[in-house]
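A short worksheet on the structure shown next.
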Amino acid sequence: MNKMMMATAAFALALGIGAASAAADKLKACWVYTGPIGDFGYSFQHDQGRKAVEKEFGDKVETKYLENVAEGPDAERAIERLARDGCKIIFTTSFGFMDATIKVAKKFPKVHFEHATGYKRAKNVATYNARFYEGRYVMGEIAGKMSKTGTAGYIVSFPIPEVIMGINSFMLGAQSVNPNFKIKIVWVNSWYDPGKEADAAKVLFGQGADIIVQHTDSTAPLQVAQDQGKLGFGQSSDMIKFAPKAQLTANTDNWNPYYISRVKAELDGVWKSDDTWGGMKEGMVVLSPFTNVPDDVKKMAEDSVAKIKSGELHPFTGPITKQDGSTVGEAGKSLPDEELLGMAYYVKGIDDKLPQ
Amino acid sequence: MRLLLEKRSEHSQLMTVISPLIAVALTLVTGGFMFLAMGLNPFEALYVYFLEPLKFFWTFAAEDFWPLEQLAVKAAPLVLIGAGLAVAYSANVWNIGAEGQLTAGAILGAVVPVYFTDWQSPLTLIAMLALGAIGGMLWAAIPAFLKNRFGASEILTSLMLVYVSQLLLDWLVRGPWRDPAGHNFPQTVAFADWQVLPVFGESSLHLGVLLAVIAAAALAFMMARTLKGFEIKTLGVSPRAGRFAGFSRAGSVWFCLLLSGGLAGLAGIAEVMNTVGQLQPKISPGYGFTAIIVAFLGRLNPLGTLIAGLALAISYLGGEAAQVSLGVSA
Amino acid sequence: MVGGDIHVVHTPRSQKAGPARLSLKDLSLPAEGQFSVALKSISLDVKGGEVVAIAGVAGNGQSELFDAISGERTLADAGMLSIDGRPQGTVGVNARRRAGAAFVPEERLGHGAVPAFRLSENVVLTRHSSDASLVKSGLLQKSGAGDVSERVIKTYDVRMGKVDPEARALSGGNLQKFVVGRELDREPGILVVNQPTWGVDAGASATIRQAIIDLSRQGSAVLVISQDLDEIFEIADRIAVISRGELSDAHPAGELSLQQIGLLMAGAHEKKEGVRHAAVA
């Protein structure tokens, strides 16, 4: 009897709470992350954007997020759960959420969706991305100056245009100061796998690289660099805390201004589907303070950043020689965006074969 | 005074039903304390976790049906695999590699969309499902053969084959089967409309859910009412008596591995024919392993796996719900 | 058994035995593992209407011989074992049952019966292929099994605490009565029993021995494997002795003394240097 009563009480209490949480008149803005927000990389940085939105709008918005959502079977349900929960604007932050976002968007025409790094749009689905390659060019320049062996190790996830673009940009930057620069590449086939990333870093250092670059999200490679007294670059967010003696700079994504502007548009009722590809100029790509570098290298890097912002320097300025010797792009002109977004070749000098 | 533990001379029917319930209750209490330690109201947290998905049963509100659908969709592969494993385990055939058979089924079933992309016929779905089941059976036939021929433990062989199948899948989606128009992502072409499982009405309940219910019911009937079920149970509890009854141990190893492997393969192809929609390096969050728990939680009774599958689906989806409603980290 | 009458087993000697219903001819079977005994060229005829007993010290090939006769282990050559004149050496236990044979192994729990199964389920264990009322097109007929079970319980006075209990809930004697009764109920042409009353109380032993003799007097061939010489002299018409996998000739029970059996148990009949020793009697 006693037990029954307790169970009933708990049940009633629970029902009451369930009902109460539905009553709120704020704009719900929601995020879906593929990694844990504690990755201190890609997902962490998006979550910083979410927090910036909370700070900016205070009582007017309520934010929610789902982390660690696998790309594939679970993505669609995760996104739909947020839409059903009353989210009015949903940011899906990984390429692998593309089809799921489009599917759910069809079911919820009144909800606005924002998909990062993809190319499929709809009336209620916008896309956004950052020109990470701009930061990578400057990192390449720094590596060209700082590497004693003239070799960088590059840890990468998947051979998609986004990633290949980054490798090429880094190489072009490095070649601009050291024409004989070399890159060694290891594919770890994951966006976030600290164990594999650390192993890859060790292998690359073992093969003569003395600077590590990554297109994966964990801090592990940089920590290996720190332990071995080598150098490296942070990815997505400033990782200086994890490698105070190793990090030269970090190619950070700064989604804060973008998220604030989109949520503001939603609040003002002027949101519309759009495609945003912002770089250093728009403040979406920011290189964190240059550390562990001599003054001349620091100055060179700062100059390059200024030139990229002003439009004076574009990493992909033609003609660019591909790995196979053919060239692409007109002399003195930058490659068009479509060319960059479909990039499936290496530039000359990269000693690796693209996985086919 | 000395305490003596004595074995009951007979199974207690009551305990068969109650002991899983006790386990669940203990889980709830432990969970409650953990929520409390995290500074949350344990009742609210447990409600969000376990009861909210079932809200439809007392609200009857249309919008509350969705979590229930998701639950069924999530439980479907667990039940499909778990019911087969329950039968195999009843016969003391320890198929631990259902995850591998699931993968093999998904691979063989995907031959249709990959190589016969344009073949559009009412038979397309049936061919894919059948190939899925056959793929799982072929994969399970390997441990069956090794067990009967060389006495190799099926626990080890079936488990090791999980990794083989996953590497095979990985190689296929990065290599020969990669979608040429897929921006280099390791995945096959997306399945066309006629290559995905039909859903009931506007819901997300797909044919795989129905298949899971049918499989669980059919296997429960087999175990309770047929000579085959009698044979499996006998060989499981008393191999010597099974031999005296003229039942073949080798035959039951084949039967159980092919059955549970076939169902796992079916679950695999059904997953990629619905929720995933293409082959990619990872097609299952470990359904084949979770189904082992489902089989035991369901007391090795195929109908029991129906309930156990739902219970595990709740714990999975509840985690997601808790993230959204309580802001708990996953 | 508690509370039962002590029966006196009534054994009218068979006047004339019929033709051989169970024939073993040069039956050989290799050992199955380190602790098993190989059977060497065993020959024996059991005629309708007689009880033949195989005596011997435990571990001399009795359980191997039982497995070979029951078909749990099949033989290399069909002619090594014939049932009613038809060679059955290569077929399994169920085909031999369908040919009219019935078997009761030494171990009640875990061999003759599944401990966790109810009595009605244990009926199915040995009779599913020979009894059409138990299984129809692959489906178990629970009422059929229940009927058989109740009949056996009634006929052989099986006592138990509740309706249709699990086999392990029965006392040794009651379970043995059930396991033997389950086979006798089929009225088999051939019955092979290993240790019919081992570990069974006196009352149950008497019931079982009487039932075995009664079956043979109806024209069935009965082969009893036993270590209990009192039992053997009580029920057997002829006696053979097994030692180290070899079987002696069978001698009429009245012509054998305990001392002669003792010599046979010590291996007097075993083949040595290819010469078969003359029969002791």
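The values are calculated or read from the model by the stated rules, or taken from the named source; none is laboratory data. These numbers come from a predicted model, not from an experiment. Every residue, glycine as well, gets a Cβ built from its backbone with ideal geometry; the counts of neighbours run over all protein chains shown. Remember, those area values only see protein heavy atoms, side chains included, never the ligands or the DNA or RNA. Shrake-Rupley method; radii C 1.70, N 1.55, O 1.52, S 1.80 Å.
Data table
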read-out	value
Lone qualifier among A:189, A:251 - being open to solvent by 40 Å² or more (accessible area, probe 1.4 Å) and either modelled with pLDDT under 95 or assigned to a loop (DSSP other than H, G, I, E, B) (or both)	A:189
Residue list for the stretch A:55-73, restricted to those being more than 7 Å from chain B (Cβ to nearest Cβ) and of a type in the set (D, E, K, R)	A:55, A:56, A:59, A:60, A:62, A:71
Breaking point among (1) within 14 Å of another protein chain (Cβ to nearest Cβ); (2) surrounded by fewer than 24 Cβ atoms within 10 Å (Cβ to Cβ), for residue A:146	(1)
Residue B:3 being away from chain A (no Cβ under 12 Å), open to solvent by 90 Å² or more (accessible area, probe 1.4 Å) and at pLDDT 80 or above	no
Filter result for residue A:86 (closer than 29 Å to residue B:326 by Cβ and either more than 22 Å from the chain's Cα centre (by Cα) or free of Cβ contacts under 8 Å to residues at least 12 places away in the same chain (or both))	yes
Residue within the stretch B:48-62 that is within 17 Å of residue B:272 (Cβ to Cβ), crowded, with 20+ Cβ neighbours inside 10 Å and of a type outside the set (S, T, N, Q) present	no
Residues of the stretch A:274-283 satisfying the condition of being touching a residue at least 60 places away in the same chain (Cβ under 8 Å) and either in contact with a Pro (Cβ under 7 Å, 6 or more places away or on another chain) or open to solvent by 40 Å² or more (accessible area, probe 1.4 Å) (or both)	A:274, A:275
Hits in the stretch C:101-115 - residues which are among the small types (Gly, Ala, Ser) and surrounded by fewer than 19 Cβ atoms within 10 Å (Cβ to Cβ)	C:110
Near pairs, Cβ below 8 angstrom, 6+ apart or cross-chain, from the stretch A:169-188 (without any contact (Cβ under 8 Å) to a residue 24 or more places away in the chain) to any residue that is in a strand (DSSP E or B) and of a type in the set (Asp, Glu)	none
When residues of the stretch B:34-93 are limited to those that are part of a helix (DSSP H, G or I), polar (S, T, N, Q) and in contact with a helix residue (DSSP H, G or I) (Cβ under 6 Å, 6 or more places away or on another chain), the one farthest from residue B:285 (Cα to Cα)	B:90
The stretch C:71-111, residues that are facing another protein chain (nearest Cβ under 7 Å) and touching a residue at least 40 places away in the same chain (Cβ under 8 Å)	C:105
Criterion (under 24 Å from residue B:145 (Cα atoms), away from chain C (no Cβ under 14 Å) and in contact with a Ser or Thr (Cβ under 8 Å, 6 or more places away or on another chain)) met by exactly one of B:245, B:295	B:295
Which listed residue, of A:97, A:113, is more than 11 Å from chain B (Cβ to nearest Cβ), at pLDDT below 95 and crowded, with 24+ Cβ neighbours inside 10 Å	A:97
Residues satisfying the stated conditions in the stretch A:213-248, i.e. modelled with pLDDT under 95, β-branched (Val, Ile, Thr) and open to solvent by less than 10 Å² (accessible area, probe 1.4 Å)	A:216
Any hit, the stretch B:94-103, residues being among the β-branched types (Val, Ile, Thr), under 30 Å from residue B:31 (Cβ atoms) and either surrounded by 24 or more Cβ atoms within 10 Å (Cβ to Cβ) or within 23 Å of the chain's Cα centre (by Cα) (or both)	yes
Failed condition for residue B:108, given (1) within 27 Å of residue B:224 (Cβ to Cβ); (2) open to solvent by 40 Å² or more (accessible area, probe 1.4 Å)	(1)
Residues of the stretch B:223-235 satisfying the condition of being in contact with a helix residue (DSSP H, G or I) (Cβ under 7 Å, 6 or more places away or on another chain) and open to solvent by 10 Å² or more (accessible area, probe 1.4 Å)	B:223, B:228, B:231, B:233
Residue satisfying all of: in the stretch A:30-47; away from chain B (no Cβ under 11 Å) and open to solvent by 10 Å² or more (accessible area, probe 1.4 Å); farthest from residue A:239 (Cα to Cα) among these	A:34
Failed condition for residue A:102, given (1) surrounded by 22 or more Cβ atoms within 10 Å (Cβ to Cβ); (2) assigned by TED's automatic domain parsing to the domain that holds residue A:71; (3) aliphatic (A, V, I, L, M)	(1)
Residue ID - nearest to residue A:31 (Cα to Cα), chosen from residues in the stretch A:74-86 that are among the hydrophobic types (A, V, I, L, M, F, W, C) and within 9 Å of chain B (Cβ to nearest Cβ)	A:82
